[in-house]
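Every read-out reported here was derived from the displayed coordinates using simple, explicitly stated rules and does not represent laboratory data. Treat the numbers as computed from the prediction; the structure is a model and nothing was measured. Every residue, glycine among them, receives a Cβ derived from its backbone with ideal geometry; neighbour counts consider all protein chains shown.
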Amino acid sequence: MSKLIVGNLKMNLLTIAERDRYLESFERELKNFPENKAKIILCPPFVHLEKFSEKFKMENVSIGAQNIFWEERGSFTGEISSLMVKNIGCKYVILGHSERRKYFSESGEIINAKIKAALQDNLTPIVCIGESQAERNDGDTAEIIVAQINQSLKDVPISKITEVVFAYEPVWAVGSDAIPTGNDILEVRITIKKTLVEKYGASAAEKVRILYGGSVNSKNVAQVCVEPQMDGVLVGRESLIPNEFLKIVEIINAIRNNE
Ligand code: PGA
């Protein structure tokens, strides 16, 4: 199973010039890159999706959206549907991100509706789950993770589960410089797998990828991805710097070659 390295560019690249500089730099770095076995998924803001998908046609670079609406079409001013991003070249969509839960009050129910919309249109949802600092302090991490998985997967059939990707993103690690220990991440990985085994059985659960996200950089990727045997990473800030982002890819590639 190839590793996934997701770049969440968030609300950045404000001008066309800035976007083009980013794309040029990314392409240049990618040309010098040794053989890449991992899968890179770049998730720019909606307005840049078309340009990004035109630019990256190679097999191991895909494009993802940062959000979608749960309805497919109609009178929903300002919203963008899964079919719209799919038709523009997206294969993935980030859903349930803690910033959306926090600033846009996205509930488990809303996230579940969006996941089902994505799956219906064959868009792979990258579903972010994770506990807050207070929940971790109270020893509630596992409980929160299980509850978020159950909410996210309500009415998601077994035929679709292997298309879902989870990203464990502790809320307190996103946009900070704090990261959990490798052991803490491994514990959550086990909790996620166990929950999936109970819901869908071992052979389906085995095929679901689980990424880590939250303050990932090239210096800590061994601790947050290699050590806890994660299936890749979701990178925020560092994905804005192509050569730093590709350093992370390089380290993950090196593990794969050693597997
Ligand atoms: P960060 O963001 O790497 O800047 O912490 C991660 C994320 O939002 O997924």
Query - the chain: most fluctuating residue of ASN67, ASN87, ASN122 per GNM, C-alpha cutoff 10 Å - result: ASN87
Report summary line: Of all GluC sites (Glu not before Pro) in region 1-109, the ones in DSSP coil with at most 11 other Cβ atoms within 10 Å are GLU35, GLU59
Requested in this report: Determine the distance separating the Cα centre of region 72-92 from the Cα centre of region 182-244; give it in Å without decimals.
Outcome: 28 Å
Requested in this report: Report relative contact order for the chain in percent, whole number only (criteria: Cα-Cα under 8 Å, sequence separation at least 6).
Outcome: 20 percent
Report task. Enter the per residue convex hull volume of region 164-252, computed from alpha-carbon coordinates, in Å³ rounded to the nearest integer. Result -> 89 Å³
**Report entry** Helical contribution to [θ] at 222 nm, DSSP H n ≥ 4, -39,500 (n - 2.57), averaged over the chain, rounded to 500
**Finding:** -12500 deg cm²/dmol
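Count the net charge of all other residues whose Cβ sits under 15 Å from the Cβ of ILE241, scoring Lys and Arg as +1 and Asp and Glu as -1.
Surrounding charge for ILE241 is 0.
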**Report entry** Rounded to whole Hz, the Karplus (6.51, -1.76, 1.60) HN-Hα couplings of region 155-168, x for glycine and proline
**Finding:** 6, 8, x, 4, 5, 10, 4, 6, 8, 8, 10, 9, 10, 7
Query raised in the report: How compact and how long is region 112-238, expressed as Rg and Dmax of its alpha-carbon atoms in Å?
Result: 14.1, 39
Query raised in the report: Once label points are set 7 Å from the Cα along Cα→Cβ at both GLU227 and GLU143, what is their separation, rounded to one decimal in nm?
Result: 2.7 nm
**Report entry** Alpha-carbon Rg with Dmax, taken over region 34-183, Å
**Finding:** 16.1, 47
Report summary line: Which residues qualify? For ILE41, with a placed amide H closer than 5 Å and at least 5 residues away or on another chain, they are ILE5, VAL6, GLY7, SER62
Query raised in the report: Once the convex hull of the C-alpha atoms of the chain is built, how many Å³ does it hold per residue, rounded to a whole number?
Result: 123 Å³
Requested in this report: Mind checking which lysines have their Cα closer than 23 Å to the Cα of LYS102? Skip sequence neighbours fewer than 8 apart in that chain.
Outcome: LYS10, LYS114, LYS116, LYS154
